[in-house]
């Protein structure tokens, strides 16, 4: 039987994947509980992503950090939290290279704070679940063949992936040491609506629209597995309802692309959607110095979640890219507010004084 989900604490719910998950959850006919969204509203957290749910009685927004133990305790107590989904994380590799301290603080110590509160409040309960969301980057780098499985040894190569690997280990330790009801997911590269423009797909789309250079690290042959965000949140919901305690589930797109191949394909899609010449967009491609520790290839084997839980991808890469490009083209006001920082003013007006 699927788990009954009642009061879900979603951390980092104003970010890209978190806001898409909340949207998906509130559309579920069988969900009548509450979602409490705890988000610190750092540069990548945008409550506008969920503005149309502000008056939904099932949705509660709280601005604050997962490192604030007093606040997290209060939320568990006030809302009788039975489920935690930990999306909250600093997640941009380049930023972690230039400023690793905040990644360690948020991703490791923030996760520790959540786990400690859950351990305290759930000591006498057997109807709870802590789902920790992680990344395939914890596994390190692959050569030209092979796939990451749930049994692959961790080998993180950047401060970001090291911080996520550390938080994964802490979560597993709380399952084995304290019996805390933990599951984990490790996903491949996501793309889709509401993604912050520093990430590869939206950055390239927006640069194409502005006829700016399309920067490509190194020779562009680094390979990533791409997963449409709505398929990812469907996988998360599946793990929430059916996932076995103590288990990790890899979530991938079965969809490997070199960076240069992805960008060239994206040029074709944007050209069709905007009545431009694809060749002119491809002329904007500009190779730049590779970043330090750039992993060569990620590829996920996600047969476990498919076979054990019945999940599968529903959006092809062609369809996903078209949907993504269409969304950005029709949400340029959102883009402009994010790029200009104006959304931070919106946050101050609507949340800072609450």
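Tabulated results
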| item | result |
| --- | --- |
| Qualifying position, being closer than 22 Å to residue 52 by Cα, buried (at least 17 other Cβ atoms within 10 Å of the Cβ) and either modelled with pLDDT under 95 or out of contact with any helix residue (DSSP H, G or I) (no Cβ under 7 Å at 6 or more places or on another chain) (or both), among 343, 328, 298, 351 | 343 |
| Hey, residue 293 part of a loop (DSSP other than H, G, I, E, B), closer than 30 Å to residue 175 by Cα and in contact (Cβ under 8 Å) with a residue 24 or more places away in the chain or not | no |
| Residue within the range 207-226 that is crowded, with 16+ Cβ neighbours inside 10 Å, at pLDDT 95 or above and within 18 Å of residue 2 (Cα to Cα) present | no |
| Qualifying residue in the range 233-251 (condition: touching a strand residue (DSSP E or B) at 6+ places or on another chain (Cβ under 8 Å), modelled with pLDDT of 95 or more, surrounded by 17 or more Cβ atoms within 10 Å (Cβ to Cβ) and farther than 23 Å from residue 182 by Cβ) | no |
| Residue 258 being surrounded by fewer than 22 Cβ atoms within 10 Å (Cβ to Cβ) and touching a strand residue (DSSP E or B) at 6+ places or on another chain (Cβ under 9 Å) | yes |
| Some residue of the range 188-199 being touching a strand residue (DSSP E or B) at 6+ places or on another chain (Cβ under 8 Å) and assigned to a helix (DSSP H, G or I) | no |
| Residue 160 vs. criteria crowded, with 23+ Cβ neighbours inside 10 Å, out of contact with any strand residue (DSSP E or B) (no Cβ under 6 Å at 6 or more places or on another chain) and on the phi > 0 side of the Ramachandran plot | no |
| Residues of the range 312-322 that turn out to be part of a helix (DSSP H, G or I) and buried (at least 17 other Cβ atoms within 10 Å of the Cβ), as a count | 3 |
| Unique match (being surrounded by fewer than 23 Cβ atoms within 10 Å (Cβ to Cβ), in contact with a strand residue (DSSP E or B) (Cβ under 9 Å, 6 or more places away or on another chain) and in contact (Cβ under 8 Å) with a residue 12 or more places away in the chain) among 39, 73, 77, 82 | 82 |
| Residue match in the range 266-287 (condition: under 23 Å from the mean Cα position of the chain (by Cα) and either part of a helix (DSSP H, G or I) or farther than 20 Å from residue 92 by Cα (or both)) | yes |
| Top-ranked residue in the range 141-156 [being part of a loop (DSSP other than H, G, I, E, B) and in contact with a helix residue (DSSP H, G or I) (Cβ under 8 Å, 6 or more places away or on another chain); ranked as nearest to residue 93 (Cα to Cα)] | 156 |
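The values are calculated or read from the model by the stated rules, or taken from the named source; none is laboratory data. In this text, all values refer to a predicted model and were calculated from it rather than measured experimentally. Note that we place each Cβ from the backbone using ideal geometry, even for glycine, and neighbour counts take in every protein chain shown.
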